[in-house]
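Chemist: Starting off with a structure, shown below.
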Amino acid sequence: MAGLLQKEDFDELLKWIGGRRKFRLLYKITRDGCSAPTFHSKCDGKGMTVTVLSNPSDTVYGGFTSQSWTSAGGAYLPDPKAFLFQLKYNGKSSYNQFPIKPERIAYAVQCNSGYGPIFGGGLDLSTFSGNLTASNGVFTLNGSCTLNNTYNMKGTDYNAFANGNLQVKEMEVYQVDDCDMNDPLEIPWRRTPEWTTRLMQELKEEIENYKPLEQLKIQQTKILLIGQIGAGKSSFFNTINSIFRGYVTSQACSGTAEHSLTTQYRSYQVRNGPSGKPLNFRLCDTRGLEEGQGIEAQDVCYILDGNTPDKYVFNPSLPLSSDIAGFVKAPKLKDRIHCVAFVLDASSVDVMSEKMLEKIRKLQIAMNQRGLPQVVLLTKIDKICASLQDDVGLTYYIPTVQEHVDKVAAMIGLPRSHVIPVKNYESERELNDNINILNLLAMQQILHFADDFLYNYLDDLDDEQISTAD
């Protein structure tokens with residue numbers, strides 16, 4: 001389900017179509033070109049289809065047919081199940097179905113090799129003919145929209161249906177197929193709540209309202225991001241920051257280079273966009289792991305214990321010591337790290353050297369000695385599965401991702417539930433609900449694990465008090 005529609009839109013279409021169905025994107029004019037021959041080469045003989053148009057006013061509308069498109073010369077196909085629909089009007093949800101008139105069933109759709117999709121014998125919705133190009137990102141379709149001839153528009157006119165024009169930013173055609181319960185893509189390998197805009201908002205609100213344990217009187221939990229250079233540590237912070245700021249940000253320096261782009265230890269705040277108020281956790285970024293250089297185990301231990309000051313600049317030739325300016329000699333709980341997230345590149349875990357694995361395991365010994373919970377953020381999952389480049393909502397349905405999760409869990413020695421696939425904002429210029437949800441689910445789990453550390457710390461305090469009283 002990769003394209004301009006959201007989960008709620010597909011759910012509404014399914015109510016109208018009926019049955020258990022799945023959608024597969026066949027044709028997209030911004031990708032494939034606005035071309036009648038291309039439309040037919042991709043969509044003919046595919047069975048049920050949904051045609052969706054989106055215009056510059058952010059109105060989304062289209063038509064459904066249970067018949068297969070063909071390249072016949074102007075032949076009409078009968079279809080009692082066909083209908084037109086509207087999903088948005090001027091950017092707001094507007095779910096309306098317009099059924100075919102019983103007396104016009106014989107004229108449901110028209111097939112013509114020189115035309116795109118045509119709904120209705122009176123050209124209720126005729127999309128385009130020939131080949132068209134966009135101007136400033138907008139296609140001016142040369143079809144027509146003469147409503148209420150074949151489909152019952154229930155009083156909705158051309159203006160209320162499509163803003164009175166056939167200018168579109170996008171047109172997509174989806175195949176609608178029966179679900180096969182034996183198909184692994186129909187059963188998630190890790191179950192999550194249903195991905196909707198509502199879920200995204202609920203996750204955001206939960207994380208915005210998160211507070212560490214009140215009894216411990218610390219304002220923020222601290223999560224350390226650590227991993228190989230180029231794996232996406234800084235990009236993960238940028239992604240979480242973007243979600244709460246409301247637009248794609250690049251506050252932390254990120255990219256690819258021979259050596260780590262991160263030269264400082266940074267304890268980043270994540271802030272609510274409208275208010276600028278910091279949330280009650282920090283994402284701590286540090287130098288990347290490298291075989292020959294990079295951050296050393298002792299440096300990491302100082303970070304874990306809360307000795308390292310924010311904005312400390314690492315010097316490869318001079319290890320961190322208690323003599324540096326700002327060194328925290330008596331760190332409190334609020335200064336310490338409460339959860340560690342190893343950040344690994346899914347596309348390169350197969351070639352990770354034994355030397356790098358040994359470096360990670362050495363760090364894990366120090367973390368385990370401190371009782372620190374650990375997770376793995378498995379980044380760049382779109383590099384191991386092309387389907388995820390269009391829709392990361394499929395992440396927990398793709399067997400390849402599951403295989404990488406299982407492999408990493410065995411390599412690092414953590415439970416599989418501690419390995420969390422994520423997709424950072426990288427080439428995107430606008431926020432995407434599914435990318436947001438995937439990363440918010442990761443952040444939710446990390447905060448839960450940080451709380452586990454704090455609960456253990458609280459238990460230890462209680463045990464000490466009982467011991468002292470005895």
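The values are calculated or read from the model by the stated rules, or taken from the named source; none is laboratory data. Quick caveat: nothing in here was measured; it's all calculated off a predicted structure. For neighbour counting, all protein chains shown are included, and Cβ atoms are generated from backbone atoms with ideal geometry for every residue, glycine included. Note: areas computed on protein heavy atoms with side chains; ligands, DNA, RNA excluded. Shrake-Rupley method; radii C 1.70, N 1.55, O 1.52, S 1.80 Å.
Chemist: Over the stretch 377-426, what per residue volume does the convex hull of the Cα atoms give, in whole Å³?
Modeler: In the stretch 377-426, the Cα convex hull volume per residue is 72 Å³.
Chemist: Sticking with this structure for a sec: Calculate how large, on average over all directions, the projected area of the Cα convex hull of the stretch 275-396 is; give the answer in nm² to one decimal.
Modeler: Averaged projected hull area, Cα only: 10.6 nm².
Chemist: Same structure, new question: Of the listed pairs Lys204/Lys407; Lys233/Lys423; Lys277/Lys334, which have alpha-carbon separations greater than 23 Å here?
Modeler: With Cα atoms farther than 23 Å apart: Lys204/Lys407.
Chemist: At a Förster radius of 56 Å, what calculated FRET efficiency corresponds to the Cβ-Cβ distance of Asp323 and Ser129, to the nearest 0.05?
Modeler: My answer for the efficiency is 0.15.
Chemist: Now for a different question. To make sure I understand the rule: partners must be lysines, Cα under 27 Å from the Cα of Lys42, and not fewer than 8 residues away in the same chain. Which ones qualify?
Modeler: Cross-link targets: Lys7, Lys15, Lys22, Lys28, Lys81, Lys88, Lys169, Lys383.
Chemist: While we're here: With all distinct Cα pairs included, what does the Kirkwood hydrodynamic radius of the stretch 114-200 come out to in Å, to one decimal, could you say?
Modeler: Radius from the Kirkwood sum: 16.5 Å.
Chemist: Summarise the accessible area of the stretch 272-348 (1.4 Å probe, protein heavy atoms) by the percent that is carbon and sulfur.
Modeler: Ligands and nucleic acids excluded, carbon and sulfur give 50 percent.
Chemist: Could you please put Glu103, Glu291 in sequence from largest to smallest accessible area, using a 1.4 Å probe?
Modeler: Per-residue accessible area, sorted high to low, gives Glu103, Glu291.
Chemist: Could you sort 310-323, 132-145 so that the peptide with the highest average Cβ count within 10 Å comes first and the rest follow in order?
Modeler: 132-145, 310-323
Chemist: What ranking of Lys407, Lys334, Lys88, Lys329 comes out by heavy-atom accessible area, probe 1.4 Å, highest first?
Modeler: Reading off the accessible areas and sorting them downward yields Lys329, Lys334, Lys407, Lys88.
Chemist: Further question on the same structure: Taking 7 Å along the Cα-to-C-beta vector as the label spot, tell me the Glu8-Lys407 distance in nanometres, rounded to one decimal.
Modeler: Here the answer is 3.9 nm between the modelled labels.
Chemist: At 37 °C and 0.692 mPa s, what whole-number value in µm²/s does Stokes-Einstein give for the translational diffusion of the chain, with Rh from the Kirkwood sum over Cα pairs?
Modeler: 130 µm²/s
Chemist: Between beta-carbons, use under 13 Å as the cut-off and find the net charge around Ser321, counting Lys and Arg +1, Asp and Glu -1.
Modeler: -2
Chemist: Quick one, could you list the DSSP H helices from the chain stretching 24 Å or more along their long axis (Cα atoms) with average Kyte-Doolittle hydropathy of -1.0 or above?
Modeler: 433-469
Chemist: Suppose only helical runs count, i.e. DSSP H with n ≥ 4. What mean residue ellipticity at 222 nm does that imply for the chain under -39500 (n - 2.57) per run, divided by all residues and rounded to the nearest 500 deg cm²/dmol?
Modeler: When only DSSP H runs of four or more count, the value is -8500 deg cm²/dmol.
Chemist: With every protein chain in place, what's the accessible area of Ser113 (1.4 Å probe, Å², nearest 10)?
Modeler: Its heavy atoms expose roughly 60 Å² to the probe.
Chemist: Would you mind giving the average projected area, over all directions, of the Cα convex hull of the stretch 187-314 in nm² with one decimal?
Modeler: 10.5 nm²
Chemist: Related question: Can you give the local net charge around Glu426? Use residues other than it whose beta-carbon is closer than 9 angstrom to its beta-carbon, Lys and Arg +1, Asp and Glu -1.
Modeler: Within the 9 Å Cβ shell, the charges total 0.
Chemist: In addition: Write down the accessible area per residue of the chain in Å², having rolled a 1.4 Å probe over the full set of protein chains.
Modeler: 45 Å²
Chemist: So, one more: What number comes out for the charge environment of Trp69, summing +1 per Lys or Arg and -1 per Asp or Glu over other residues with Cβ under 10 Å away?
Modeler: The answer is +1.
Chemist: May I pose another question? Quick one: which of 240-251, 152-163 comes out on top by average Cβ neighbours within 10 Å, and what's the full order, highest first?
Modeler: The most tightly packed comes first, giving 240-251, 152-163.
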